Amino acid sequence: MYACRRQKYLSATVRRTAQFHHIAVIVFIAAFVCTVAPLRLLAQQAKMLHGEVRDPLGALVVNASVDLLEDTRVIASTKTGADGTFDFDIPESGRYSVRVTAPSFQTTTTPAAYLTGSAKAELNVTLATQALTQQITVTATGTPTPEAQTGASVTVLPADDFRYATEVQNPLRLVPGVQITQTGQMGGTTGLSIRGGETDANKVLIDGVPANAIGGAVEFANLATVGIQSIEVLREPNSALYGSDALAGVVSLTSARGTTPLPLLTYAGDAGNFSTYRNEVTGSTIYRHFDLYSAFARFDTSNSIPNSEFHNATYAGNFGWTPNAANDLRFTVRHIVVSGGQPNAIALYGIPDDAQQKEQDNYYNAVWNQTTAKWHNQVRYGGLRLNSEFNSFGATGIFNPDSGYYDGAPVTITGANGYSVQGQALFQFSAAPSQYLSPTSRDFAYAQTDYRFNPHIVALGAFKFEHESGAIGYAGTTPTAIERNNYSYTLQFSGDIRNRLFYSLGTGFEDNGLFGFAATPRVSLAYYLIRPSASFFSGTKLHGSFGKGIKEPSIYQQANSLYGVLAALPNGSQLLDQYNVTPLGPENSRTFDGGVDQQIMNGRARLGITYFHNEFTNDVEYVPQAGLIELGVPAANLPPFAFGGAYLNSSAFRSQGVEFETEYQLGSHLFARGGYTYTDAVVQRSLSSDNLGPSFNTSSNFATIPIGADSPLVGARPFRIAPHSGYFSLIYNRSKFYTSFTGTLVGQRDDSTFLTDSNFGNSLLLPNRNLLGSYQRLELGGGYQITPRINIYTNIQNLLSEHYFEAFGYPALPLTFRSGIKLNFGGESWKLK
């Protein structure tokens, strides 16, 4: 029924555009296929491996020593010529890697690739400086690019940086500009904010598959580290490459691969306080053209408060077929099953809720990459299935015969701002059990081609078609369902001028099934005043970027928008025309940043400072009837609304600040990094009920202070965004011993109790300003390699056992510890025995 109603309102322009979409797809695929035959002929012309060796800025490195390896055995050696290139004859088909050594650079060994004796292969190598590791990023430009060559603010975290973490959110706390907020303990709803943006404003990718529900939300509490090889965080919008939801930033998770010809099996098991247990099994190998990786982990804990137990079972698989060096076909899958108790804000109600959240999520992806010296093509199909179920098993509160509802226990609530209240909150409305379902489905096809005209210019074009559908509603009722077909186009140019000025500029064109067309330009620049070298002061890099982002509304927002409410009425068409009401539009962002990176002490240390300015406009918010009247809808003609209002694009806020980050190689075994972020965020516009009529707690000693009961007031900070935040990490790694000491430091934040007292009054509201206290979350971990096959490890979180809230009223875990053992069976280490 909904699809029929939606089709009724399609304009003639959209119908004509749909024809163009089909033509564009056919032309794009035809052009793509036409490249295959010429490349295949090229592959049959020689029997060698050819490559280039470059420094982090792309300059050719001459006279570098290059070894061709089969497993760990050197089968040929050479040096790069005056043009920085090398060549090897391939004796027979097999998996080979290249090891490059050059003065002033780290020795670099490439991942093994399957090469045939009848095909020419290209394998280029980028070296890193001796002190600081040079990571490769894909998120910033869409093509593998050394961090040194990007003007974007991006952080790459390899698996070694979170080897004992169980959740993806843990290493993300150690990224500048990023704040994590978890409502309670393990399994509690967890969101990520980048540079003051909302928690649903980030594109999250798992092996290229968007993990966002419709509307942008991602549940980070469900994302385990099992099978994750690296994490990339882009701290700025990139809707040019990733379309809707990349409003504030992008988080990309990449799965591990099989790397050893001799199959490697591992088992890790640990246990800790609060009945915490974790078991993980992995298996991986490479055989001729194929690489295989599978992992399964099960995590269980009771947490420290009633009805908050959490269970997570995650499977990750990565299966690749590489017929030759130019082609790679890969299939990845991630299956997650979680369940956990939902005690609600126990510090505010004094009684745990009897509720449960269940999730069963699937992410799958098939991608073919074809790469030659100048041309790279990619075709990808992927999808996700999110199945969320929230169960309320009945009232646990104290029955109030006057209201007929259930209240919490008598409590005293004190905020970090020094204000305090006492009383009982209205807790539950019904004793009847209920079940709320919200399934989401997304399937997409993506094609990309990028061509290197010369060593300094790369052009990229891409097309994506996405079909998404979802529904929300209580079991036993008719759900609210939607479907959208979205089309995205990308055009981008990137490169460098004299290996000193690096640029990336492009734009995306989004044709969304709900809000229609939107353009999202983006540009980033990096310029080296001083090139990196082995001197005390070098590698001075200026960088800056500008971009626009968009985010689509959620299912609930669309269904309860002014357009959705009016369209469902018998005279809906007349009202839509009368008030000129259109569907919800996209939320928008416009951001720019600029800063400088500086290497010192012969490249052993790096300092960076970046200023950012983000404008978030057209945010979707719930507007009561009074707000609709203010917008010009005549009061006498307003139709009856459920709950008295509707959702509109009427909110805006600004977030600006400064990020400081540093890293220092203290010695060959000790590495330190840290950062601090100042965020000045303020609500600029809102028509929410709180802003049209702020609440006052007239029974308190702060009766004259206006309070945003459910949303922040104009001129105030957005809820749960800390003006001051920081992190540090100290890692020691030597031979058989590894240890890490990390910390997350977060200042005071604004928030609300979100409470109504048992008499439907405001006596339990507290002033928003600095309601949430600051906290220091320290973590200590380490491991010891007893033998090549046996490793013991331990991990301690909240080392000081500090009592704090990340969301007001939801106690975080006190000190927790886990200790365990990891066993390795097989792998290359067995060949040495």
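The values are calculated or read from the model by the stated rules, or taken from the named source; none is laboratory data. It should be emphasised that the depicted structure is a prediction, and the values quoted were computed from it without experimental measurement. Methodologically, a virtual Cβ is constructed for each residue, glycine included, from the backbone with ideal geometry; neighbour enumeration extends over all protein chains shown. SASA here: full protein model, heavy atoms, side chains in, ligands and nucleic acids out. Shrake-Rupley method; radii C 1.70, N 1.55, O 1.52, S 1.80 Å.
Side notes on the structure shown:
- One decimal place: the segment L491-H613 gains 41.4 nm when fully extended, by the rule 0.36 nm per residue minus the C-alpha distance.
- Spacing of the two label points (7 Å from each Cα toward its C-beta) at Q106 and D680, in nm: 3.7 nm
- Farthest positive-ward along the chain dipole, Cα basis, beta-carbon charges - from S504, A409, T225: S504
- Cα centroid separation - segment 297-362 against segment 567-616, whole Å: 29 Å
- The charge dipole of the chain, taken about its Cα centre with unit charges on the Cβ of Lys, Arg, Asp and Glu (plus for the first two, minus for the last two), comes to roughly 2060 debye.
- Point-to-point label distance, R789-T704, nm (Cα→Cβ direction, 7 Å offset): 7.7 nm
- Between the alpha-carbon centres of segment 408-467 and segment 749-794 there is a gap of 19 Å.
- Label-zone membership for segment 143-177, site A271, 7 angstrom Cα→C-beta point, backbone N under 15 Å: none
- Placing +1 on each Lys and Arg Cβ and -1 on each Asp and Glu Cβ, with no other charges, gives segment 638-713 a dipole about its Cα centre of roughly 160 debye.
- Taking every alpha-carbon pair in segment 195-297 and binning the separations at 10 Å intervals from zero gives 13, 34, 26, 23, 3 percent.
- Taking all C-alpha pairs of segment 283-431, those more than 26 Å from each other amount to 54 percent.
- Dipole of the chain [Lys/Arg +1, Asp/Glu -1 at C-beta], most positive-end residue of V125, N759, F546: V125
- The average projected area of segment 701-809, computed from the convex hull of its Cα atoms over all directions, is 10.2 nm².
- From the Kirkwood radius over Cα pairs of segment 244-355, Stokes-Einstein at 4 °C and 1.567 mPa s returns a whole-number translational diffusion coefficient of 75 µm²/s.
- Membrane-span-like helices in the chain, defined purely by DSSP H runs whose alpha carbon atoms cover 15 Å or more axially and whose average Kyte-Doolittle hydropathy reaches -0.5, are 12-33.
- Using a probe of 1.4 Å on the protein chains alone, the accessible area found for R385 is around 80 Å².
- With the convex hull constructed from alpha-carbon coordinates only, segment 687-738 shows a mean projected area of 7.1 nm² over all directions.
- Sorted from greatest to least, the principal axis extents spanned by the alpha carbons of segment 378-463 come out as 77, 38, 14 Å.
- Sites R288 and Q422 - FRET efficiency at Förster radius 41 Å, r taken between beta-carbons, to 0.05: 0.05
- Per-residue ³J(HN,Hα) for segment 84-100, Karplus 6.51 cos²θ - 1.76 cosθ + 1.60, θ = phi - 60°, Hz, x for Gly and Pro: x, 10, 9, 9, 9, 7, 9, x, 7, 5, x, 9, 10, 9, 10, 10, 10
- Pairs of Cα atoms farther than 39 Å apart, the chain, %: 41 percent
- Once the mean of 1/r is taken over each pair of separate Cα atoms and inverted, segment 542-599 shows a Kirkwood hydrodynamic radius of 14.4 Å.
- Dipole of the chain, positive end: most advanced residue of S65, S302, T166 [Cβ charges, Cα centre]: S65
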